[in-house]
Each structure stands twice: as structure tokens, then as C-alpha cells.
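Participant: Take this structure first; my questions come after.
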Amino acid sequence: MQTSLRLVASCLIAGMVLSACGGGNSGGGIIPAGSPTQSTGSPSTQTPISSVPKAAGALAYTDMGAAPQTTPVSVTLTLNYNHQAQLDQLVAQQADPTSPMYHHYLSTDEFDAYYAPTAQQEQSVVFALERAGFTITKEYSNRTLIEATAPAAKVESFFDTQIHMVNQGKFGARYVNVKPAVVPAAIAPLVHAVTTSNIVVARTGAHVQSALSLSSLIASTTLPSVPHVPAARASRKITLSSQMKARGAMVAKYATPFATGNVIGNPGFETGAFSPWFPCGNGYATIDSSNPHSGRYDALTGNLANNLGEEYGLDGVCQQVTVPTNGQLSFYVDEGTSETSTYYADQEADLFDANGNFLTNLYTENGNTNGYVHRSYNIGAYAGQQVIIFVGIYGSGSFSDYNYVYLDDASLTNGTSPTPSPSPVPTASPTPVPTASPTPVPTASPTPKPTASPTPVPTASPTPKPTASPTPVPTASPTAAPTATPAPTPTPVAGGTCTGTADNGPLSGSNGWLATGVAKAFDYPVQHGCNGAGVTVAVEIDTPINTSDVAGYLSAAGVTQTGTITNEAVNGGGNASSSDYTETALDVETISGLAPGANIIVYNFPDLSSQSIEAGYNQTVSDGKASVVNSSFGGCETSDTAFTNTTNTIAEQAAAKGMTFVASSGDSGSDECGTGNNPPGVSSPATDPYFTAVGAVNFTDTSTGALASITSGSDSSNGFLSGGGVSTIFALPSYQQGVANMVSTGRNDPDVSLPGVGVMVYANGSPMQVDGTSWSSPEFVALMAEANQLHGTPLGFINPTLYSIFTKTGYTDFTDVTTGNNGAYNAGTGYDLVTGIGAPKGWALANAL
């Protein structure tokens, strides 16, 4: 009884918003303000547990009206943990050096057996979805997320919401709920959050700084308004998923060059889906029903109006086929653009080989057809060969232009006589100087008031003992939560082994800072033999890595990597030709340069939508392979509070297992939400209390590599300002309470800062110079990998430890940054909302952790 009273008192003191504080089923341990508490189960009520996403700035969208009722809509449901209050206490005790639970982490099996939703609870939700007409597309071993899909009409009915189609600039047509989704009362006690939108909610922060060769610009698709030269098409490549490669093998086995019928599958998209077509290039093409040439559907690539912005790079639809004898290819397109020169952007059709390598161009133009036109080409020269047919656009990324193509009714048949393979003869074009694209003024994002407190004060016995079993009211009969108490993992061996070689390459090169420059200036543990050996880290991103680029970087940096690099695809994986690839290269190269002994897993997913990111995080935590996790992306914190809530909930599970979640603090200073600082806004997921938020600094060094000067991170040449500010979603966490200069109204951001201006990145075979907190975050991940090696154990959720060290020893283990600003806030003595505590002194901090 005393234990229960202490738990309740602890919750009341901390201001927790929990449905059951004594060990029953409840929502996430840190619930965003504005998000309701979980329903206790009145069968006649429904509980709203999602927001209306309102992306801002470069991620803003235009509402195109109600989605057609048959539009396929994917949803993700986050389930409640069991014994939530005890989980909160356990995570706090794991980070408390005075607790007997300090650094005692749960295995995946232990977490799943006690805190995760039970199999019966999960199936109650699954059954309810299936009865309502949903198809379950994915369940996870940790039973934390359920992914499903259904036509828009069924989604709207089940969740009492409305789904609209939107145009999200370069990200193309998307869908979003314009009314908060609610969960039926029968399963509401089991569900923590629901996402019914696929808009992109985050962006990477790799700001390319230096002048590059034209070929590398075309290949990397990183900068807006970069001239596009048709003659350079031969350097292009379409990346094929494992599924596409498998399908290609089947095409090769069973197709015949003597076919007389149409060998193109789903030629008019009348299935309402792509297959066997697939989105390629940027991967933002969509199935459309507003403008078919015949039937009900067509495929749309690009954006329809100049106020939406033009996509950047190559985007379209593809299908892999075996060309029949005298193959005659025809299709219908409806095109429009504000561009007047194919030097910058175009509509086009191309052929690629079965490996995605460019073969030939069929046509290129800036077309305004005002309706469908028929195009026909003889490609018999490729008879018997597998080719990939591409129809789409190339865009400049200009915010003031648009470019699109509708495709319908494609055909490839045995023609009558072969003609030579089409071959474009591009004329030479002068190289104009691209002008800056105007930046739209986004609307302000709502600012909810924080009410939650993220970290309870641990007062209960370290071994949790459940006092109540949750009894939800699902339609299927549930089974109560298990009562077995999880056993912590054995006491780790004190201290690790550090016998690696120090980074000793050049400090920098013509394209910016290299690994040794950072390692020496900030005294990284690698300089003392701790290179991350035996530690695995994860990179979360929407593109896989090409290890040949990493090899190019390490060669320039003079670093020998001994760890491994692997790509792990989530939900089909990311697009290797995406414009975000530079970010992937930056993340992996930074970690491999500073912690060359660490193993790196690149968890890559289709895009930076909320559902994709949630899936990436949950797969990583469910796998349990990595002890440090990097996120070099972010978006306005208030854009999608369901996403913010879910990512923090997953990060708490990671903390219980000894994993450290790290995120970049944003590259728009205090104006992450694009409101002109009225009010200021911060970046999510960096402000999630279970993440460590990393800002950026500028620095100079001496001739021997020692730190000479340091200021807050900024680069006026490309608009980069290190992000920071105060959360309006999460209350001030206990680990920040009592720290001088803290703003008491919410979680303060960032926690620490590391270099963010002028790093060399090797991407698509070429060096470039990049700015951004996207560099700072993987630098901190590398530092944590080395600290984990030093201590011989994962350090897990380190925020309480960081602030404890800071309050006890001040700047013994950090360097204060007192110069600079990020718009609304100034750097100064002590903690500030520009650089946080300051910059870690690597070796000193690693030993102090």
C-alpha cells in the first residue's frame, strides 16, 4: 500500500498526465500538451488521439479537397505500454548513479514480456481494424506499432475523420486528415496515438556550401535551381529495390520477344495502384483519378501550380519489360510547366537497362499540351532485352515554377518494322546563373500549452511489481497484462578495452573539415584509443548509403575504418537517388571518420513522412542491435503532435533497453516553424525529452589542431542558423530543472553543440562542403559510441547524466559558447537556447559519463 501511495504522490508531484499511475495500462510516459489522456473506457465515447498535421515552411502543403473515397490510405497505430508509471521510474533509475538499477538495462525479450502490449491486446486492435475493412500490412515483434491500409471512406468512418488530398510542393500529391482522428471506444484504452497522414513532416539539414562540378550537382540533386543539362543524362541511374530485381528475373525467365499483345502490365493504372509500374527517381509520383485519358485512373508526376513549388531532380513512373521484336512503344501524356528551357527542367521519357543504367532518351520538352497527346516510338533495337521505361519530369526545385506530366494508356507491342534506337542530339546550352527562388511565407503553427512533465521522480523499489492488470474494453476478449517482473540484465563489466589507432589524417582539405580536425580540436576518445570498436550505431534516413562514397571520404580523411556498414531497408527502403542522399553520406562518413571501429546500420525508409520515420525508429528498437541512434532531420514541433508523441514513446522504450537517441536541433535558428519568430519554433524530434538534441558551432584551430576559438553555428551565405528554443509540447523535464538560465515553460533545446559549418562530404563520387546540425548530430553519435566502448556498457538515456555533470563540475567537461545568436536567442555564459550547455570536451566528458 505504501508503494502505491508513493507512486501516486510521485505522479502528482511531477504533474504527470497518466490514465493510471499505479501500474495499469496507460499512455506514453510523456504526453504532449494538447494530446488527451487515455480513455478509461466509456463504451459510448471516442477518444481523439491525433492532431491535424499542419506542416510549415518548406514542408507546407496546399489542400486540394476531399480525397476520392477509394484512395488507399495507410495508417499507423501506436499502442499503449503496460505498467507505464513503473517504466518511467525504471528509465529514470537506469540513469541515476545512486540507484541500484543504474545502467541495468532490459533485454528486448524482458521489455516485451512486461511493458510491451500483450499479444492479446495487439490482436484486439488488429481484429477491430480487420472487421472494419482494413488490411494489416505490418506488425512488429515488440507489438508497439500496427500498420494498416484501407480506402479513404473506411478510414474516415472508422476514425471519424476526413481525408483530403494535398499538394506538398516537391513531395507531390499526399493525403492528410483535416479533422482529428478518434479511436472507437472499444479499443481506445489500448491505443496511444494514430497517424492517418502521409505528408512529409521532416527535412534533412545538409546545406551544400561550396561550388561543385556540374556532373556532381546533377548526380547529387542537393541544390535548388541548379542547371540541368540533357547531355548529362548518361550519368543517371535508377535504383532498383530487391523486389524489383526479383520481378525483373521473372520477366527475363518468362517473357518472349515474339509477344504480339501489350507487354506493359496495368497499362492504364485501372487497378488503382502502380504495380507492376513503380515510382522512380524521387519516388513521389502518385495514382490520380482527376484527369484520366480513359477509364478511371492515371499516374501524375510533379506539381500543378507555381505556388506549390517545382520538384527538384528526376521523378516519374517506371516499368521493367522485355522488348518484343519490332517493339512499338506508345502512351498518352498531358503536360504543363512554367519553365521555358529544358536547360533547367523538362518533361521526358527515357529507357534504362535492367540494372537502372541510362540507355537513351525518347523525348525532352517543356510541354503545355492542354490535354492528352499521343506519343509513339519504335524501340525494336532493344528486342529481347530487359529495359525500364521511364516517363516523368526533371525539376529545378524553384519555388516559383511548376512542372508536371500525367501518363495513361501505355502500350508496347510487336511492331511491323524496326527503326534505329532513338538517340537525342542535345544542343549546347550556355550556363546561366540560377536566381534565388522566392521563399513562401508559411502560416503560423498552433502553439499548445505544455502540461506534461517528462521524467517522474523515482521513489519506488527498483524492481517493478505490478499492482493492477489493465482491462481494456476491446471487441475481442482481451487477456490481462502479464504479472511477471522483468529481470534486469547482469551487472556490466566495469570498463572497456580501447586499443585503437588515433585519427591522424589532414585536419581539413579544400572542401572543408575532415575527421582528424574535429577529433583533435574536441579531444575525441579516438585520440586515446577508443574508436568505437564493438559498438553498433544506427542512422535513420530515407536513402541507403553507397559505401564507395564512404571509401572516398575516408581516403581523403586519412582514416582506416575497421567497423562494418550495412543497409537495412524498412517498409521497402529508401530511394538511393533521392536528394536526401547527401545527408546519408554526411551521417555515415562523419561516424566512420570519428569512430572508425564502430559498426553502422543505415535504417532507410521510403520518405520523411511521420509513418515512415515511426516505422524506422520502431524497427531499430525492436531489432535491438544498435546502442546509439542518429536522426539528422527535423520539422516544426507543432506540425504533427501525434508524430511527436509517438517518437518520444518509442525513444523511451529505447532508453529502457540502453539505447541513446540523438537528433539535430534544426537549421533555421529559432524560426523552425517559419513564422518569422512570431512565435519562435523548435524542431522535432530533437525536442522529445528522451532524445539528446545537438546544436552547431563554428570553430577555428591552431596549427597543431587544438581548439582556438568557438562561436554558435551559422553561415549567412546559405541561411544556416543552428536551431534552438523552448518546446510548446513538452514541459520542462526534471533533468533540466534547477539549471541556471532555463526557461521554465517547456523543454529547452539544444542540450549540447558540436561543429556544424564547413565539413567535407563525399557524395555520388564527388567532394562537397556542407553546413548543418545534420553534421553535429552524427558527431555526437560517434562520441557516444566511443564512450560506450570506454565504459564497456551502453550509457543509454544520457540527458540526466549530462546535466548532472554540468551542474556539479561546470565547464570542466564542456566548453562554454558565449558568442552568436540564432534569431530570437543569444549565446551567453552558461546554458543558452543557442548552443545548450556548450561543446563537449570529448575525452573528459566520456570519462565523466
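The values are calculated or read from the model by the stated rules, or taken from the named source; none is laboratory data. Computed from a prediction, not measured in an experiment: that's the story for all the values here. Don't worry about glycine lacking a Cβ; one is built from the backbone with ideal geometry, like all the others, and counts go over all protein chains shown. Remember, those area values only see protein heavy atoms, side chains included, never the ligands or the DNA or RNA. Shrake-Rupley method; radii C 1.70, N 1.55, O 1.52, S 1.80 Å.
Participant: Listed highest first by mean packing, meaning other Cβ atoms within 10 Å per residue, what order do 103-110, 660-667 come in?
Facilitator: Packing proxy ranking, top to bottom: 660-667, 103-110.
Participant: Tell me the carbon and sulfur percent of the accessible area for the stretch 555-639, rounded to whole percent, probe radius 1.4 Å.
Facilitator: 41 percent
Participant: Let me ask you something else. Quick one, what does Rg over Rh come out to for the stretch 111-213 if you take C-alpha atoms and the Kirkwood Rh? Could the numbers behind the result be given before it?
Facilitator: Values: Rg = 17.8 Å, Rh = 16.0 Å.
So for the stretch 111-213, dividing Rg by the Kirkwood Rh gives 1.11.
Participant: Here's a follow-up. With equal scatterers on the alpha carbons only and no solvent term, can you work out the Debye log10 of I(q)/I(0) for the stretch 318-422 at 0.11, 0.13, 0.19, 0.22 1/Å?
Facilitator: -0.35, -0.48, -0.93, -1.14
Participant: Express in nm, to one decimal, how much length is gained between R296 and A132 on full extension, taking 0.36 nm for each residue of separation and deducting their alpha carbon distance.
Facilitator: 56.5 nm
Participant: List the aspartates and glutamates whose alpha-carbon lies under 19 Å from that of K657, not counting same-chain residues fewer than 8 positions away?
Facilitator: Partners found: D88, D96, D109, E110, D112, E540, E614, D623, D688, E786.
Participant: Still on this structure, please answer the following. Given labels modelled 7 Å from the Cα in the Cβ direction, how far is it in nm from T745 to A305?
Facilitator: 3.4 nm
Participant: Turning to a different aspect of this structure: Under Stokes-Einstein, with the Kirkwood radius over Cα pairs standing in for Rh, what whole-number D in µm²/s applies to the stretch 506-560 at 4 °C and 1.567 mPa s? Don't skip to the end; give the middle numbers.
Facilitator: Working: Rh = 12.9 Å.
Estimated via Stokes-Einstein, D reaches 100 µm²/s.
Participant: Would you mind computing Rg(Cα) / (2.2 N^0.38 Å) for the stretch 50-176, counting N as its residues?
Facilitator: My calculation over the Cα atoms of the stretch 50-176 gives 1.40.
Participant: Here's another thing I want to ask about it. Evaluate the charge dipole of the stretch 57-170 about its Cα centre and quote only its size in Debye, nearest 20, assuming +1 on the Cβ of each Lys and Arg and -1 on the Cβ of each Asp and Glu. Don't skip to the end; give the middle numbers.
Facilitator: On the way: 5 positive and 12 negative charges, 76 e Å.
That gives the stretch 57-170 a dipole magnitude of about 360 debye.
Participant: Over the stretch 557-635, give the accessible area per residue in Å² for a 1.4 Å probe, as an integer.
Facilitator: 19 Å²
Participant: About the Cα centre of the stretch 141-197, how large is the charge dipole given +1 on each Lys and Arg Cβ and -1 on each Asp and Glu Cβ? Please answer in debye to the nearest 20.
Facilitator: Values: 5 positive and 3 negative charges, 33 e Å.
Charge dipole, the stretch 141-197, about its Cα centre: 160 debye, nearest 20.
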